[in-house]
Every structure is written in structure tokens, then in C-alpha cells.
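Single-structure report; data block below.
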Amino acid sequence: MNTPAAMLHPELLDPNDPHVIVRDGQRLDHAEAASKSLRARPEPQPRGAKVHGNRPIDQAEAAARFIDAPEHEKIHDERLWDLRQKRDREMHGIAEWEELRALASAIKEHTLTHLDQYLEQFEANARSNGIHVHWARDAAEHNQIVHGILTDHGAKSLIKSKSMLTEECGFRPYMASVGIEVIETDLGERIQQLDNEDPSHVVVPAVHKLRTDVAEVFAKTIGTDPANSDVHYLAEAQREATRPLILAADAGMTGCNFAVAETGSFVVCTNEGNADLSANVPKLHIASIGIEKIIPRLEHLAVFVRLLSRSALGSPVTQYTSHFRGPREGGEMHIVLVDNGRSERLGMAEFWTSLKCIRCGACMNTCPVYRRSGGLSYGATYSGPIGLIIDPTFNQRKYSNLPFASTLNGSCSNVCPVKINIHEQIYAWRRVLVERHETPFAKRVEMKAAGELLSRPAAYRTAIATADIALAHLPRWVIYNGLNAWGRNREAPHPPPQTFHAWHQANRGEKK
Ligand code: SF4
């Protein structure tokens, strides 16, 4: 008979598992392996980007601070690369993986190009299931609608499961301003709420934290022992602290992964069962749904459910795939369908396919920039490659630096389960932002000068020859000084004795 450990983590017991992490001669499970402290004194957690109103976010500055915290950077990188490797193993286990991706992409593109019809069908079916349906043009309207529903029911406390849409709407700060207590029920999201931080990843919101960071947050907020960072102790303490709040809450809120037009039902995928608690413990259930979450038919759900968890966490399925079709007996269910810029994005010829995103986070897990800079360095609701193409649709000036935080290696597009051409859209955003003068003045001047030089071959060759001589003879401080940010962590290559052009002229120039 299997031991409980074997039933829960069979892969950990595989003696040939090449991905196992061993420390001090002991095999560690994922949570421990990913957060085992490397120092006697915990390294302080680096904080995210500095946000000043509408001013452009300096992602590079925040990323530099993250990199300056080596323990956080190493573990963040390891955790996310581990998810990427698990995703690859799952993908290789499904022969028709590429067909599934193509099908998912086609279903999403069809739905988005007939969105008005499917939204109306969904609304009609949801109403006939006994659900109240509301429409919100933007974040402010969403928050006011939910506030109105809660006021009508005299609700003063709300439990909710993780939802990026509500983050996008600034929902928690709004609720705090009107005196309604919101309690996050997803463990990672609750950690972030207690630490007064945004989620740093769409699936694993506190992935940038060490367990010593979590111990510090819990010690300050729920009174745990600050010296005890055992993951089981911390999880149990949070369960004990949160469960009474859940049982006493006046209303519950969920997001939505997929809304099915033909049935008027919707699905929420979680690994902790917290959406079921949020939806079923209080009598009032409110679901916030972005209008791009619609899929036409129930049979399409299987395509997305097979792709979602495998792409996100490298697991065959989420622990809970919860279907909601109407209010429970004696209860009430409301849906708020939210636009908040989606219709406008749908009209953007180069960027509309970003609406296919199912928020799996695979593009973040594979991105070398994201893995080494942490999600909070982007200073936006959505970080990583998907954030680079969505965030500027909300505010081009504020997020004008983000599309430059990419190597354009294309790995994000390769792993995306709905085949979004992410790296091409990142590149397209760079062009759009330069054309609209949203990039920094200094960068514009530099690019203009480079453009002039590169368009004049003779001037270019002279400049290169001069630069080579200068690099070989100038004192080091002239090149590596405070003004040269590039040179702070890099050495310029030694100039070759001859340029390629000169070599070509000398060796091949005469040959036909
Ligand atoms: S863009 Fe693709 S890979 Fe990235 S979160 Fe969305 S669905 Fe996942």
C-alpha cells in the first residue's frame, strides 16, 4: 500500500528523477527546496518598483534592487524554472499538445471576433439560470456595482478568491475606502494582502518571497513565532486565523477562468478549494468576469482545462475545477461582466490577440528577465511578457519602459498555450511607443543619432574605425564612469585588429 507521501508526491520518490533538489544530503520537497535559507540572518525582501502617479515606471531600477538580493533572485529563478521544466514534462506526455494549442487559439480567435453575440448568449442563459447580470464599462463602475450589491444586502465583510481582474480594478483599496472588510482566501494572495503588496505573478502571487519573509509578515499580522519559518507551521497558522473570518463573512466573491456562452455557467480553477469556500459559505456570491473569458460551448472547456494547469504549474489538472451555474438554494448570485479597456484592445490590429490570454503564467516562468527581476519590478498589475503587451494598453506613458524589458528571445511565444505571438507584440509596442514619443527623451536622441549613422555607410565605417582606436587607447575611466550604466556590470569586447568590412575588402573584395 502507498504511504501518504507517495500518494501525494510520487515523483519525489522516483530514484531517477533528474529534477530532485538535495541539500545537506536530504531530498527536499518543492516548497522547502525553493525557500531553504542560505544564510544565518534572513536577507531582507527587496520591494517592487517605485510608482509615482503617471510617471514612467523604472523597471530596470527595481530589477537592479532585486538582483542585489542574491538569495531572493536565486530562489525566484529556481522556483520558476522548476515550473517551466514541469510544464515541459507534462507537454511531452501529450502527443497532441500542438494540436490542442492550435485549437485553443482558434476557439479564442473565433470567440473574440464574435464577442458581442457570445456575450449576449451568455447573459441570456445566465439570467435564465437565476443569476443577476451586471455590465461594467471600467474599473470604477465595477467597484461601484459590487459596492451597491453589498450595500443592498447590508454586507460588511467579503471573502474572495484570487482574481487578477479585481487587482486591475483596484478593488481592495476601494472596498477599504467604503468600510468593507475584504479577506483573501488564496494563501499566496492572503500573504500579499497582509504585507500590503500586489501579487507578483498571476498564478503564484507570493513567489518572490522567501519563507523567512512570510514568517516576518505573519509574525507582525497574526502573531506567529518570527523565528519559525516552517512552511507547515505557517500554513496551519494562516488557516486557523482565516477560517473564522470565512465562516462569519457576509458575502463571497470569485473571479472566473472560463464563462460558457451556451450554458450561462462559469468555471473557476484553484488548487486550494478557496473559490468553493468563497462561493458557498456565504449566501451571496458575486463573480467578476472579464468579457474576454467567454468560450462558446461546454465541449471547448476540455481543451482549455487540459492546457491551463499543465502550462501554469506543470500539473495535469488543478485540484479544484469548480463549475457554477446558478445560486444555491436560498442564496443569490451576481455576475459583473467587465470591459475595462478590453473593447478598445480588441480594436488594436497588432495587439488584439493578447485578449486570448488564459493567465497561466507560462510566459513569465520562462522569461529570463522576469525570473531575475521579480514581478513587482514591473510596477503594474500584469508583469512578465504578457504584462509588457497588456500594460501599455491601459497607460502608454506610465508603462512606456516595459516593452524594453525583454530579450525578444521568443520563448514566451513558444510556451503560450493559446499561441499569442508575444515577442512580436513586444517588438511592435517598441515601435508604437517610439512613434508616439512615449520613450525617454535621451533614448530618442540616442536612437535618432544611431539611425543617422547607420544609414550612412561611409560615416559608419569611419566612426567604427575611430571607436576601435579610442577603445584601445583611451584611459579606462573615460569609458567606465558613472555616466555609462551599461559598463557597470559589463566589459566592452577588445576591438579586433581589423573590421569585418576591411577584411572582406582585403580578402574577397575582388572576387566575383
Ligand atoms: S500570454 Fe500565454 S503564456 Fe502568458 S499568461 Fe497568457 S496564456 Fe499564459
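The values are calculated or read from the model by the stated rules, or taken from the named source; none is laboratory data. Everything quoted here is computed from the prediction, not taken from an experiment. Cβ atoms come from the backbone with ideal geometry, glycine included; neighbour counts cover every protein chain shown. Protein only, heavy atoms only, side chains kept; ligands, DNA and RNA dropped before computing areas. Shrake-Rupley method; radii C 1.70, N 1.55, O 1.52, S 1.80 Å.
Details
- Label-to-label distance for residue 453 and residue 60 is 1.6 nm, based on points extended 7 Å past Cα in the beta-carbon direction.
- Dividing the mean sequence gap of close Cα pairs (under 8 Å, 6+ apart) by how many residues segment 71-215 holds gives a relative contact order of 20 percent.
- Of the GluC sites (Glu not before Pro) in segment 436-512, those whose Cβ has at most 15 other Cβ within 10 Å and which sit in DSSP loop: 491, 510
- Each Cα pair under 8 Å and six or more residues apart adds its sequence gap; the mean of these over the residue count of segment 232-326 is a relative contact order of 34 percent.
- Per residue, the chain exposes an accessible area of 49 Å² to a 1.4 Å probe, with every protein chain left in place.
- Beta bridge orientation in the chain: antiparallel %, DSSP, nearest 5: 30
- Relative to the longest principal axis of the Cα atoms of the chain, the long axis of helix 231-248 makes an angle of roughly 50 degrees.
- When cysteine pairs in the chain are screened for C-beta atoms closer than 4.7 angstrom, the residues that find no partner are 169, 256, 269, 357, 360, 367, 416.
- The length gained on full extension between residue 88 and residue 236, counted as 0.36 nm times the residue separation minus their Cα-Cα distance, comes to 50.1 nm.
- Length available on full extension from residue 247 to residue 50: 0.36 nm per residue minus the Cα-Cα distance, which gives 67.2 nm.
- Taking each of 86/356; 86/108; 108/398; 209/419; 356/419; 160/283 in turn, the alpha-carbon distance tops 20 angstrom for 86/356; 86/108; 108/398; 209/419.
- Gyration tensor (alpha-carbon) shape descriptor, the chain, a/c threshold 1.5: prolate
- The packing ranking, built from the mean of other Cβ atoms within 10 Å per residue, places the peptides 476-487, 89-100, 53-64, 334-345 in the order 334-345, 53-64, 89-100, 476-487, highest first.
- Figure note: 356, 398 ranked by solvent-accessible area, largest first, 1.4 Å probe, ligands and nucleic acids not counted: 398, 356.
- Gyration tensor (alpha-carbon) shape descriptor, segment 43-148, a/c threshold 1.5: oblate
- When the trypsin sites (Lys or Arg not before Pro) in segment 237-338 are filtered for DSSP coil states and for at most 13 other beta-carbon atoms within 10 Å of their beta-carbon, the remaining sites are 297, 328.
- Solvent-accessible area of segment 456-508 (1.4 angstrom probe, protein heavy atoms only): carbon and sulfur portion equals 63 percent.
- Relative packing of 169-178, 497-506, 219-228, which averages over residues the other C-beta atoms within 10 Å, highest first: 169-178, 219-228, 497-506
- Angle of helix 457-473 to the longest C-alpha principal axis of the chain, folded into 0 to 90 degrees and rounded to 10: 90°.
- Taking every protein chain into account, the 1.4 Å probe leaves residue 455 with about 80 Å² of accessible area, to the nearest ten.
- Local electrostatic count, residue 95, Cβ distance below 15 Å [Lys/Arg +1, Asp/Glu -1]: -1
- Distance in nm between pseudo-label sites at residue 120 and residue 430 (7 Å out along the Cβ direction from Cα): 4.3
- Solvent-accessible area, 1.4 Å probe, carbon plus sulfur percent, for segment 143-239: 51
- Cα long-axis angle, helix 441-454 against the chain (0 to 90 degrees, to the nearest 10): 50
- Gyration tensor (alpha-carbon) shape descriptor, segment 456-508, a/c threshold 1.5: prolate
- The chain, relative contact order in percent, only Cα pairs under 8 angstrom and at least six apart counted: 19
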